[in-house]
Every structure is written in structure tokens, then in C-alpha cells.
Amino acid sequence: MAGLNDLLGQGRRVERHAPWPRALVDAAMWERVAAEIAEGAWTLLGLWGDTGAVHMALLDEPAGAVGVITLDCPAGRFPSVARHHPPALRLERAAADLFGLQPDGLPDPRPWLDHGRWGVRHPLGDRAPASPDGQAYPFLASEGESLHQIPVGPVHAGIIEPGHFRFTANGETMVRLEERLGYVHKGIEGLMAGAGLDHAVRLAGRTSGDSSVAYALAAARAAEAALAIAPPPRAVWLRALMAELERLANHFGDVGAVCNDAAFALMHAHCGILRERVLRAADACFGHRLMRDRIVPGGVAADLDEAGTREIRALVAEARRHFPALVRLYDGTASLQDRTVGTGTLRPALARLYGAGGHVGRASGRAFDARRALAYPPYDALAFEVPVLQEGDVNARVWIRIREVEQSLSLVEQIVAGLPAGALRVAVTPADEPREGMAVVEAFRGDVLAWLRLAADGTVARCHLRDASWFQWPLLEAVIEGNIVADFPLCNKSFNCSYSGHDL
Amino acid sequence: MIADLLVQGIQMLLVLLLAPLLTGFVRKVKARLLRRRGPPVLQPYRDLLRLLRKEAVVADGASWLFRVAPYLIFAATWVAAALVPTFAPGLLFSWTADLIAIVALLGSARFMLALAGMDVGTSFGGIGSSREVMIAALAEPALLLIVFTLALLAGSTQLSTVAGFMASPEVGLRVSLGMALIALVMVAIAENGRVPVDNPATHLELTMVHEAMVLEYSGRHLAMIELAAALKLLLSVSLVGCVFVPWGLAAPGAGAAAYPQGIALYLAKLAAAGVLLALFETAIAKMRVFRVPDFLGAALMLALLGTLLLFVSRSL
């Protein structure tokens, strides 16, 4: 089969799009590519609207190549990709809500992010006024004897983000789960349009609070790619250190939280202590527990001093001392294993089809990790393994996290040991012409894609951020089928998809 | 006669006053085991007071049943808890302290709660009631079989008699009693909605059993239900204590001086049970809903075997 470059060569190549190529294609080729994605030739990385155009990012997984194809749609219509390839469905519904771009043949024409409460329609498109009264949302029907519906959320009993889940169940056995998201739409992409680069990266860091570093990194890398700027080596390594600390904190938290949902609070308590240790170390080293706004275009805003290095080394030593005991506790508690093994199984075929990233994909045999597959610096110079399991159940997703904690601890050690000296930041100057850049970065829950177009004055004309959750939320609906109602929280927590990052 | 009535009154008040303390104590021990400081032991009293002062918000579709149920549940549970000898057997009303009566009182309270859960018509109430009844369908027969084992041995279902028999030397070491004890503990865990059957501390609507049924309750109604739940826990501990650890009960006619000693020993029993419960709950994860019948099935089989063994041989 021809490579991604050959495919893009059939379209009209767009200049000044870095680091991967972008090509303009016609509707016929757009449809052909959609069919090829459905056949598994490419993995869909993202699909987003733009003014009068729609972009689609593709990944050639074996080759580790990325490319973007663009279809101009002056009439505001484009052939639906979701008709061939279901994972594009919500992306297209979102593009229709935000830009008013109509996907022809879209199997599900209901709005997605737009709940009819914004006061406008198509906020990034024509901004037509609309009444903010909300609109009824018809949920998909499930018919059959003794089926009943359980509506849950968007306000939950625990302190979690808002999302609505509509279960159709027969007694305890789940027949269908339908999610409705969009409750935390903040209009980040709208706020970014016209914003200065520094401000845009700050906004990106607020897309999903638990992945603040990953988002800021993705946005900064995309901008640097567009402007052909290389941040200094020390900054590149410090960025990776922050990203690994963020991954550690979240994985510690998640391993405990999954166990807590099985009422095994002991793991939760001990993992919570480790998570807190990571956050405090981050605070001591970089001045912010979540390291928010520490990654800036052109470099980093905080340096690691001698005391910080000691703090990090102490953290790694402590985690290495305590975590193995917790892993043994997890693995040795039969009542806990009884809950996690075999629960919420995601078939590898589905994970592949959806291009599921992060622990969701890697627990179901999809060995994609942006740090390895796209080898962005400094990960090309660091040694680490990408754990992959085939089982796809809750237990496998916990184990992927456990293995990744071990890898991250080793990465942190390598980074601290090999941290180059030098400047922290280079000046970012506008290019006096429109530029486009993109980046894919591995956040703790999967790959984050950032694509942006800079105007000639260096402000952001359009920025799109795609969370890994876009391809994980639909899979949660799939794994829940045939499970029991009471096991949903466990499956949900093992996925731990982002609401905020998805609703944007 | 007046003195007898007084002692009976003390017993009734004692269980009512101690019930929230036991709940608070278990929470505290659990928190300490998780390296948390935990709320004060007296917190359940404050919670009850707070709930009593608050307005009771009742759902639109609620019938009279929804409003009456909390009081009936509380009354039935209180009476049941007060019937179990705590510090002294042979009290004034002890002739009513029949094990089958206690099972029936608890069953009635549960029946009311399940009805109230479904009354408002929310999906969570329905889920909770359905799960509760599934659990009850196995827990109640198991409890009755345990009662039969004890009754066959002691020759009576009356708790004072059973406790007296269990404290006497003629009881000996019996397999059937061991089985009955394990079964009783398992049933008590299920009845009280503790881990691994239910998680009293969960915030996950979809996994709740007891909490799902009472989600719509607030104010004084909720206070009644919470107090009833605390009483039920106290009752279960008292029952195990009175039947299987009957030592230290003030003997009938021993005089007023024996009572403080009985009460002190009773408190020690409660504390020991609280620590054991907290330890057990910390060491185990909650089971899948569909494993609960297996768990209670085991309790039922143990109780059944205990009963059957007594027919095979009087000495087992």
C-alpha cells in the first residue's frame, strides 16, 4: 500500500504547514480517504472545522507518519466521514455545531456540543443568534420487554465533572449506554481566535486541568513548528520532566480511584499519598502543583535548581519504595481482582478502529504511544518501554498504568541525570506571514493533538485541540454492553475520560 | 416492679443512645486504618441533630407511605434492638424477646423501606429496592435457620433463655454453633449494608443499595432512617454478643450492682466488634452485585448444615 506521503501527493500541497504535510483534496478524494480509513489503511487522528473548510488528520501507524487533508467547502457542506467510519461521528457533529459545516449523509444529525443554551448558533461560524432556551434531545431508542431507562447526571453525587449517561437496562443487565456531553463547553477555541500566542498556550493549559502540561506542550510545540523555532535543549528536557510528573500524579490517582470504586479504600488512601507527594514535588520544583503555565512558547518559564533535583530524586526513591507494595496489594486482593478482571472488556478490533490512545488502547493491544511512535524530543534520546496488554478489561487498564508508572519513574531519573545546561527560552517572533503547525503529544490519558494557524502578526487565527477522550468516550459505551449497571462506575473510572477536554 | 421497669427503660435508652456512637466509632477506626484523621466519634449525633433541624423536602410524587415509612422503620428497628439483651437478660419484657419476633420486626422495617424506595418512582429508588429485596430473599431464610439451630440447642427461641444456655457449661464445643456464628456474621454484614455487600460511604449512585433507597429522603425523615440504620448495626453486634459471647451479662436477680459491670462489658464487646468490622471492611473490596447471592447462599448453607447436624447428632 502507498504511504501517507503518496496519498497527500495526490492533493494540492499546502505550503508553510509544519512539521507534517497538509494537502487540499477534492470531495471525491475526501470520500475515498474516508473509505480507506474505515478499511484500516489510516488511523483517524482528528477532524475539525475551519472557516469554509474541514480538516482531517491521518496517521500512518506502521510508518509513524502524520498528514492532514483539507476539503474546501464554500457551500458549507462536506461528505460525511462518519458514514464510512463511525469514530468521526462526534467530531463531525461538533464541527457542525461550532462552524455550521453540514456533513452530508451524517448518520446522526443531532447536535453534540450545542445544547441550545449559548444564545448563538455556530459560534465559530456565522454566529447566528438563537434563543438560549435549550432544546429537547432525543436519546436513541431501545425497545424490548421489561427494558427501563436510568438517567444519571449531569450532576453526580460525587465531585466529578458533569456528563449525562442514559442507561437502558433489563434489571441489572445493561442493554445500551448513551452519553451526552458538552456541559462544560468553555469556548476555548473561540477564545483562542485572535489571541496572542502566549495567551493561547495559557488557554490550552486550561483545557483539561489534569493534563495542563500536556496541553500546553502540544500547543507550544505546534506554534514552534509553525514558526520553525527550536526551544533550547534544557527547556525540551524540563518539559518532558513536567510531562512525566503529570503522568505519575494522574496514574497514582487513577490506580487508587479505580480501587476505591470497588470500595477498596485502602489502595485509594495510599495512592493518594503518592499522588500528593508528586504534586508537592512539582510545587517545590516549578512553583505550581499542576505545573500550569510553566510551559510557554519557545521554552519553559521555570527552571529546576539543585534543591529541586534533590526533591525529584527523593520522590522517585519514595515511589520506588512504596509503590511495589501497593501493586502487590492490588494483585493479591482476591476480592478486588474479582471486580476488575474480565469487567468492561474492550475488544482489540474496536480499539484499533477508534484509534484509541493511552491506557485504553494499550490495554487492548494498540501499541501506540506518541512518545515512541512520533518520537518527539527528548523521548528520542531516552530509554523507555511502551507496555501493551491484550485483555482489554479494567484490570488490564490498571496494569498499563502500573507499568507506565514504572516507566515514568525511570524516565524522570534519566531526565534529571541527563538534563542539559543552557537557556530556558528563546524569543518567539512573528513570521510576517500566515503559518500553520501541529503537534501530537502523549498526555496521561492518550495523545493530544494541537493544530494551529498563526496570522501574519503572530496571533492565533485558528487553534484546534483534540483530546484523546474523543475516541475513548464512544468505546466506553461499547464496553458497557452486557455488563451490569453496578459495574459502570468501575469501567468509567478505568477509562477516566476527560469531560472538560472533550467539551472544550 | 418499678425497678424492673426502670432497668428495661435503661436498656431501651441505652441502645438508642449508643447506636450512633458505634457507627461513629467504626467510621473513626476505618479512617485511622486509611491514615486519615476521620470525623469525630460523636459526628453521627451532630449529623442527626442537623438533619432534625432541617426542612424535610418531599418529592412531588410521594404518597403518605413515603412520609410514614421512616417512623415505622425507626420504631420497628428500635423495638427489635431493645429486645436483644445487652447488659442483662431476663428483663421485664424479655418474654417478648423472641428471635423470630426480631427477624420479623427487621423484615417489616425492610419491607417498608423497599416500598418507600419505590414510592417516589425514581430509577435509583427502584434499583435500590430491587437489590435490597434480592439480598433479603436470601438473608432472611438464613437468619431463620440460624435461629432454628439455636432453638434446637437451647430449647427456646427466647433470647434470654438462649443466652443463659450459651453461658452455661453444658453447651460445649459444637460444630453447628460455629457454623451458625459464621452464618450470622455474614447475614449481619449483608443486613447492615456493609462492605463487601454494600458500601455505606459510596458516592456512586449506580452501585448503592441502601443509600439508593433513601436518596430522596431529607431532614427528619432521613434522621429517622439514619438512626434506624445505626440501631440495626448495634442490634446485629448485640445479637452476636448476646448469643455467642454471653459472658458478663448481669445474672437475673444479681441486684443493681451487677448492672454497671454488665454495661461496661457490653461496651467492651461493642468496641471489639467495631474494630473487627472496620478491619474486615478495610481488607476487602466490594463484591459484584451478582456475587451477593453466592455470599448469602453460603450463609444459608452453613445455617442449614448447622441445623441438620443437630438432627444427625445431638452432640455436634
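The values are calculated or read from the model by the stated rules, or taken from the named source; none is laboratory data. Everything numeric in this text was worked out from a predicted model, so none of it was measured. Note that each Cβ is placed from the backbone with ideal geometry, even for glycine, and that neighbours are counted across all protein chains shown.
So here's what we get for this one:
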{"read-out": "Residue match in the stretch A:200-210 (condition: in contact with a Phe, Trp or Tyr (Cβ under 8 Å, 6 or more places away or on another chain) and assigned to a helix (DSSP H, G or I))", "value": "yes"}
{"read-out": "Test for A:S498: is it crowded, with 24+ Cβ neighbours inside 10 Å and within 14 Å of another protein chain (Cβ to nearest Cβ)", "value": "no"}
{"read-out": "Residue satisfying condition, being surrounded by fewer than 19 Cβ atoms within 10 Å (Cβ to Cβ) and part of a helix (DSSP H, G or I), within set B:I100, B:I127, B:I73", "value": "B:I100"}
{"read-out": "Any hit, the stretch B:250-267, residues being more than 14 Å from every other protein chain (Cβ to nearest Cβ), among the polar types (S, T, N, Q) and under 24 Å from the mean Cα position of the chain (by Cα)", "value": "yes"}
{"read-out": "Failed condition for A:V258, given (1) under 30 Å from A:R435 (Cβ atoms); (2) of a type outside the set (K, R); (3) within 14 Å of chain B (Cβ to nearest Cβ)", "value": "(1)"}
{"read-out": "Residue match in the stretch A:180-191 (condition: within 12 Å of chain B (Cβ to nearest Cβ), at pLDDT 85 or above and part of a strand (DSSP E or B))", "value": "no"}
{"read-out": "From B:L308, B:L267, B:L300, residue being crowded, with 20+ Cβ neighbours inside 10 Å and out of contact with any strand residue (DSSP E or B) (no Cβ under 7 Å at 6 or more places or on another chain)", "value": "B:L300"}
{"read-out": "Qualifying residue in the stretch A:434-450 (condition: without any contact (Cβ under 8 Å) to a residue 12 or more places away in the chain and either of a type outside the set (F, W, Y) or in a loop (DSSP other than H, G, I, E, B) (or both))", "value": "no"}
{"read-out": "Any chance B:L16 is buried (at least 20 other Cβ atoms within 10 Å of the Cβ), in contact (Cβ under 8 Å) with a residue 12 or more places away in the chain and more than 14 Å from chain A (Cβ to nearest Cβ)", "value": "no"}
{"read-out": "Unmet criterion (only one of (1) modelled with pLDDT of 90 or more; (2) more than 24 Å from A:M192 (Cβ to Cβ); (3) more than 14 Å from chain B (Cβ to nearest Cβ); (4) buried (at least 16 other Cβ atoms within 10 Å of the Cβ)) for A:F165", "value": "(3)"}
{"read-out": "B:A272 of a type outside the set (D, E, K, R), without any contact (Cβ under 8 Å) to a residue 24 or more places away in the chain and either part of a helix (DSSP H, G or I) or surrounded by 23 or more Cβ atoms within 10 Å (Cβ to Cβ) (or both)", "value": "yes"}
{"read-out": "Test: residue in the stretch B:199-216 that is within 12 Å of the chain's Cα centre (by Cα) and of a type in the set (S, T, N, Q)", "value": "no"}
{"read-out": "A:R247 being in contact (Cβ under 8 Å) with a residue 12 or more places away in the chain and in a helix (DSSP H, G or I)", "value": "yes"}
{"read-out": "Residue within the stretch A:92-104 that is at pLDDT 90 or above, at negative phi and surrounded by fewer than 16 Cβ atoms within 10 Å (Cβ to Cβ) present", "value": "yes"}
{"read-out": "Tally of residues being in a strand (DSSP E or B) and closer than 28 Å to A:D126 by Cβ across the stretch A:35-89", "value": "20"}
{"read-out": "Any chance A:G253 is away from chain B (no Cβ under 14 Å) and part of a helix (DSSP H, G or I)", "value": "yes"}
{"read-out": "Single unsatisfied condition, A:I295 versus (1) within 14 Å of chain B (Cβ to nearest Cβ); (2) surrounded by 24 or more Cβ atoms within 10 Å (Cβ to Cβ)", "value": "(1)"}
{"read-out": "Some residue of the stretch A:109-120 being within 13 Å of chain B (Cβ to nearest Cβ) and of a type in the set (F, W, Y)", "value": "no"}
{"read-out": "Test: A:I273 is more than 14 Å from chain B (Cβ to nearest Cβ) and hydrophobic (A, V, I, L, M, F, W, C)", "value": "no"}
{"read-out": "Out of A:L266, A:L346, sole residue that is out of contact with any Lys or Arg (no Cβ under 7 Å at 6 or more places or on another chain), within 14 Å of chain B (Cβ to nearest Cβ), surrounded by 18 or more Cβ atoms within 10 Å (Cβ to Cβ) and under 28 Å from B:R288 (Cβ atoms)", "value": "A:L266"}
{"read-out": "Tally, over the stretch A:22-62, of residues that are among the β-branched types (V, I, T), touching a residue at least 60 places away in the same chain (Cβ under 8 Å) and closer than 22 Å to A:A349 by Cα", "value": "1"}
{"read-out": "Yes/no for A:L4 being within 23 Å of A:E436 (Cβ to Cβ) and without any contact (Cβ under 8 Å) to a residue 60 or more places away in the chain", "value": "no"}
{"read-out": "Scan of the stretch A:161-178 for residues that are assigned to a loop (DSSP other than H, G, I, E, B) and in contact with a Gly (Cβ under 9 Å, 6 or more places away or on another chain), ordered by number", "value": "A:P162, A:G163"}
{"read-out": "Count - residues of the stretch B:140-166 that are over 16 Å from B:T307 (Cβ atoms) and among the hydrophobic types (A, V, I, L, M, F, W, C)", "value": "4"}
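Every residue, every condition in (1) outside the structural domain of A:P387 (by TED's automatic domain parsing); (2) of a type in the set (G, A, S); (3) touching a residue at least 60 places away in the same chain (Cβ under 8 Å), yes or no:
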residue	(1), (2), (3)
A:G418	no, yes, yes
A:V426	no, no, yes
A:N483	yes, no, yes
A:G501	yes, yes, yes
